[in-house]
Amino acid sequence: MKAYIYGANGAEIADVAKPTPKGTQVLVRVRACGLNRADLGMTKGHAHGSAGGVGTVLGMEWAGEIAELGPDVKGVKVGDKVMGSGAGAFAEYTLADHGRLFHAPSNMNFDEACTLPIAITTMHNAVVTVGGLQAGQSVMIQGASSGVGLMAMQIAKFKGAKLVVGSSTDATRRARLKEFGADLAVDSSDAGWVDQVLQATSGEGVDLIVDQVSGKVASQNLKATRIKGRIVNVGRLGGTHADFNFDLHAARRIHYIGVTFRTRTIEEIRDIFDAVRKDIWPAVESRKLQLPIDKVFAFDDIGKAFEHMEANKHLGKIVVTL
C-alpha cells in the first residue's frame, strides 16, 4: 500500500506492507487525514513518544471505512464510516483499537470528520476531565488559534464558561478567535496580556488555563491564574524549559497538571473516548463543535501540505485526502 513514511532520505511516499488487525484492532481504509504539529516534527526525524525514526509510517488522525476486524473487536462492523487517532495514519490503510475511534456522523464527509478526533479528545480531557471546568468559571487557552485550541474554546463555551480568553501571537488569527468562543483575545508575546486577563477577571485571574505554549509564558500563567486555580499543560510549542516562579506557584496554591497521550495506556485512552461520547457527542453530531478546514491537499502533494503547515499562516485544519 501507499504510505508517507520517514525514510533514509527523510519524509517520502513509499510502498509498504498492508497491516493485519489483531485482537481488538480494526483495519481502516483511510480516506482523509488531519495534520498535527507533532507530525511536522516527525517528518524531520524527531520522536513523538515511542513513535518516530526510519521506517515509521507517519500521521496520527484519520477518517475512513472499516475494512477488516480483529478477532476480539466489538461495537463496529466492516463498512462502518469511522474517525479516530493512532499511529500510521498517512497511508491507504491503518490500524486502530476498537475503543479509539468514533462512528463518523452521517452529516460529515471524510474531510470534515478527520479534523476532529485529536482535538475533541485532547481538549475535552484537558478542559473538562482534568481541568474541571464548571459552568460560570473563566478559562484561558494559550495557543488558541491551533486546531485543538479552537476546539478548546468551543468546548469551554459549550460547558458554560462565563469568560473565555484565547491567545495568539498572530494578529490576523487573533482577530478571528471570537468566532470560536473567545470573549477576549490577547497576544501572549506581549507581557501586557497578564494585566488584560486580570482586568477582565476583577484582579483575581482565571479559574483555569489550558497551556499549549509553555516556555516563557509559564510564570506569566501563574500570575494570570486565581488563587487555587488550575493550569493544565498540554503542549510546549514555546519551549520545554524556562524560568518557573515556584514561590508564586505556592503562594497562589495553583494545581499544575501535565497531560499527554504518549504515556497513556490503551485503557486510559478508551476512557477518554468514552467520556467524549457520553458528554459532548451530541454537540459534535449537531455541528455545534466543529473546526474549519484551511486547505485540502491530495495525498501525492502531502509534502506541500507540510510546507503549508510550516509557513504557519493557516487557521484551522490542513487535510490530506487519499
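Quick one: the Cα spread of the chain along its three principal axes, in angstroms, biggest first?
Principal axes ranked by extent give 58, 41, 32 Å for the Cα atoms.
Does the range 1-145 come out rounded, prolate or oblate, given a ≥ b ≥ c as the square roots of the eigenvalues of its C-alpha gyration tensor, rounded meaning a/c under 1.5 and, failing that, prolate meaning a/b above b/c?
Details: a/c = 2.01, a/b = 1.24, b/c = 1.62.
Oblate.
Within 13 Å, Cβ to Cβ, of I280, how many net charges do the neighbouring residues add up to if Lys/Arg are +1 and Asp/Glu are -1?
Working: positive: K157, K159, R277, K278, R287, K288; negative: D274, D279, E285.
Charge balance in the 13 Å sphere: +3.
Arranged from highest to lowest average of other beta-carbon atoms within 10 Å per residue, in what order do the peptides 138-146, 205-213 appear? Show your work: numbers first, answer last.
Working: 138-146: 28.0, 205-213: 25.6.
The peptides rank, most packed first, as 138-146, 205-213.
Tell me the mean residue ellipticity at 222 nm calculated for the chain from its helices only (DSSP H runs of n ≥ 4, each -39500 (n - 2.57), averaged over every residue, nearest 500). Provide the component values of the computation, followed by the final result.
Working: 11 runs with 84 residues, N = 322.
Roughly -7000 deg cm²/dmol at 222 nm, from the helical runs in the chain.
Which of Y4, G23, L58 sits farthest toward the positive end of the charge dipole of the range 1-62, with +1 on the Cβ of Lys and Arg and -1 on the Cβ of Asp and Glu?
G23
Let me have the relative contact order for the range 45-184, percent, based on Cα pairs under 8 Å that are six or more residues apart. Write out the running numbers ahead of the final one.
Details: 233 pairs, mean separation 23.0, N = 140.
Relative CO of the range 45-184 lands at 16 percent.
Averaged over every viewing direction, what's the projected area of the C-alpha convex hull for the range 1-83? Give it in nm², one decimal, please. Don't skip to the answer; put the middle values down first.
Details: hull surface 23.0 nm².
Average of the hull's projected areas for the range 1-83 equals 5.7 nm².
Loop only per DSSP, at most 12 neighbouring Cβ atoms within 10 Å: give me the trypsin sites (Lys or Arg not before Pro) in the range 215-298, ordered by residue number. Please list the in-between numbers first.
On the way: sites: K216, K223, R226, K228, R230, R236, R252, R253, R262, R264, R270, R277, K278, R287, K288, K295; in loops: R236, R252, R253, R262, R264, R287, K288.
Those satisfying the criteria are R253, R262, R287, K288.
Arranged by the count of other C-beta atoms within 10 angstrom, fewest first, what order do D170, D294, D72 take? Walk me through the intermediate numbers first.
Details: D170 14, D294 17, D72 11.
Result, fewest neighbours first: D72, D170, D294.
Residues with beta-carbon under 15 Å from that of S188, excluding S188: net charge, scoring Lys, Arg +1 and Asp, Glu -1?
Details: positive: R173, R174, K216, K223, R236; negative: D170, D187, D190, D195, D211.
Taking every other residue near S188 into account, the sum is 0.
Over the alpha carbons of the range 119-258, what is the largest minus smallest coordinate on each principal axis, giving the biggest first in Å?
Computed over the Cα atoms, the extents are 37, 30, 29 Å.
Identify which of F299, F261, F180 has the largest mean-square fluctuation in a Gaussian network model of the chain, with springs joining Cα atoms closer than 10 Å.
F261
Tell me which lysines have Cα within less than 19 Å of K178's Cα, excluding those fewer than 8 residues away on the same chain?
Within the straight-line limit of under 19 Å, K178 reaches these lysines: K157, K159, K162, K288, K313, K317.
Taking the alpha-carbon centroid of each part, what is the distance from the range 129-180 to the range 78-125 in angstrom?
Here the two parts' Cα centres lie 23 Å apart.
Which ³J(HN,Hα) values in Hz, rounded to whole numbers, follow from the phi angles of the range 27-35 under the Karplus curve 6.51 cos²θ - 1.76 cosθ + 1.60, where θ = phi - 60° and Gly and Pro get x?
Residue by residue, the range 27-35 yields 9, 10, 7, 6, 10, 7, 10, x, 8 Hz.
Quick check for me: using +1 on Lys/Arg Cβ and -1 on Asp/Glu Cβ, what's the dipole size of the chain about its Cα centre, in debye to the nearest 20?
Values: 37 positive and 34 negative charges, 124 e Å.
It comes to approximately 600 debye.
A short reminder: the numbers here are calculations on the coordinates, not readings from a lab. Keep in mind that what you see is a predicted model, and the values were worked out from it rather than measured. So basically every Cβ, Gly included, is an ideal-geometry build from the backbone, and we count neighbours across all protein chains shown.
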